[in-house]
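One structure is given below, encoded as structure tokens.
The values are calculated or read from the model by the stated rules, or taken from the named source; none is laboratory data. Please read all numbers here as calculations on a predicted model, not as lab measurements. When we count neighbours, we look across all protein chains shown, and the Cβ atoms used for this are built from the backbone with ideal geometry, even at glycine.
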Amino acid sequence: MIEITTPVGRLVAGHPMIGHPNKDSKTGLPKMQADGITPSVSFYCGLAIAKGAETHWSQTEWGQKIYAEGVASWPGGEHGAATFAWKITDGDSAVPNKKGKKPCEKEGFPGHWIINASNGFPIKSYHRGMFDPTQQIQTKEAIKCGDYGRLAISVKGNNPSESPGVYLNPSMFELYQAGVLIVTESAADPSEAFAEAGAMPAGAMIDPNMPNTTAGAPAAPHVAANGATIVAPAAPAAPGPGNVAPAPDFLQPGLVKHQLPNGQICTVDALKASNWNDAQIAALPVVA
């Protein structure tokens, strides 16, 4: 077994602190640990390392070490087979995987070698240069797919095995720099999940201080201080004579009162809570 530290790369798949249940490829059922009770979980990182002048990942400094371990672990020549599991993906490859996805079509893959490293426990993660045990990252939200970092990896051949290859087990992750978020294929599509319109349940307790921000939805009623119910207008009211609101630097907006067409007196805060916009409010008479 050897230890390597990767160059800085981009996290294009997985997360060092989020585990995913392992499933049997044939049955689709969860795999269990040796006790037969506890579900097996994997913590996986796909780290994209930018290509240079090399034509194969084994020509890089880090790749040479992985390749040497694979050859030494399988001296019978098994390492030369196309099926040998090196756990390195060519990001420019147009060969579909088992799910029919081509690496070259995935965000962050083209122009990179993808190191696929995983183990059965959370990967200790640190911010760049902050390696004291007390500084270990504690919340998974501090890292996202798309960020840049380095991995410390243990490399070991899996001999004996029916599927010759190497293990790439990450032990630590260094968050080097925040990057643009990558939404992976395993993430749920909100447009599909919420395709059908929902409805508020009967007797729902609505916070009167929070406006209804749903586009195209009718505003939720708001109860004013005097007990009257305010409903947002269907269309903006046309401004008329004498309906000009005072300049905002003279009065606190939340305390300014306006008179509705039905005679109700309401503050700006109450009107906005019922989804009245600034133009609609400005068209209402101001009450001293």
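When the residues of region 128-154 are narrowed to those that are in contact with a Phe, Trp or Tyr (Cβ under 8 Å, 6 or more places away or on another chain) and among the basic types (K, R), which ends up surrounded by the fewest Cβ atoms within 10 Å (Cβ to Cβ)?
Step by step, filter region 128-154, then rank; the result is R128.
Tell me which residues, restricted to region 57-68, are within 25 Å of C145 (Cα to Cα), in contact with a helix residue (DSSP H, G or I) (Cβ under 8 Å, 6 or more places away or on another chain) and not hydrophobic (A, V, I, L, M, F, W, C).
Result: G63, single match.
Inside region 79-102, can you point out the residues that are surrounded by 11 or more Cβ atoms within 10 Å (Cβ to Cβ), part of a loop (DSSP other than H, G, I, E, B) and among the hydrophobic types (A, V, I, L, M, F, W, C)?
Within region 79-102, A81, F84, W86 qualify.
Of K51, K26, which residue is basic (K, R), over 20 Å from K144 (Cβ atoms) and modelled with pLDDT under 95?
K26
Is one or more of the residues making up region 147-156 at pLDDT 95 or above, more than 30 Å from V71 (Cβ to Cβ), in a loop (DSSP other than H, G, I, E, B) and not aromatic (F, W, Y)?
Yes, region 147-156 has at least one match.
Consider region 111-127. How many of its residues are over 21 Å from the mean Cα position of the chain (by Cα), outside any strand (DSSP E or B) and surrounded by 13 or more Cβ atoms within 10 Å (Cβ to Cβ)?
Final tally of qualifying residues: 0.
Pull up region 22-64, narrow it to residues that are outside any loop (DSSP other than H, G, I, E, B) and small (G, A, S), then point me to the one that is surrounded by the fewest Cβ atoms within 10 Å (Cβ to Cβ).
To start, the set of residues in region 22-64 that are outside any loop (DSSP other than H, G, I, E, B) comprises 23, 30, 32, 39, 41-50, 57-59, 61-64.
This time we only want the ones that are small (G, A, S), so: 42, 46, 48, 50, 58, 63.
Numbers: S42: 14, G46: 26, A48: 24, A50: 12, S58: 18, G63: 19.
Looking at the filtered set, the residue picked out is A50.
Could you list, in sequence order, the residues of region 80-93 that are over 26 Å from the mean Cα position of the chain (by Cα) and of a type outside the set (F, W, Y)?
G80, A81, A82, T83, A85
Scan region 3-21 residue by residue and report those that are in contact with a helix residue (DSSP H, G or I) (Cβ under 7 Å, 6 or more places away or on another chain) and either outside any loop (DSSP other than H, G, I, E, B) or not assigned by TED's automatic domain parsing to the domain that holds K106 (or both).
If the condition is that a residue be in contact with a helix residue (DSSP H, G or I) (Cβ under 7 Å, 6 or more places away or on another chain) and either outside any loop (DSSP other than H, G, I, E, B) or not assigned by TED's automatic domain parsing to the domain that holds K106 (or both), then I4, H15, M17, I18 are the ones that fit.
Does G14 count as closer than 27 Å to Q177 by Cα, touching a Ser or Thr at 6+ places or on another chain (Cβ under 8 Å), of a type outside the set (S, T, N, Q) and exposed (fewer than 13 other Cβ atoms within 10 Å of the Cβ)?
So G14 fails the test.
In region 157-171, how many residues are farther than 17 Å from S58 by Cα and assigned to a strand (DSSP E or B)?
Number satisfying all stated conditions: 3.
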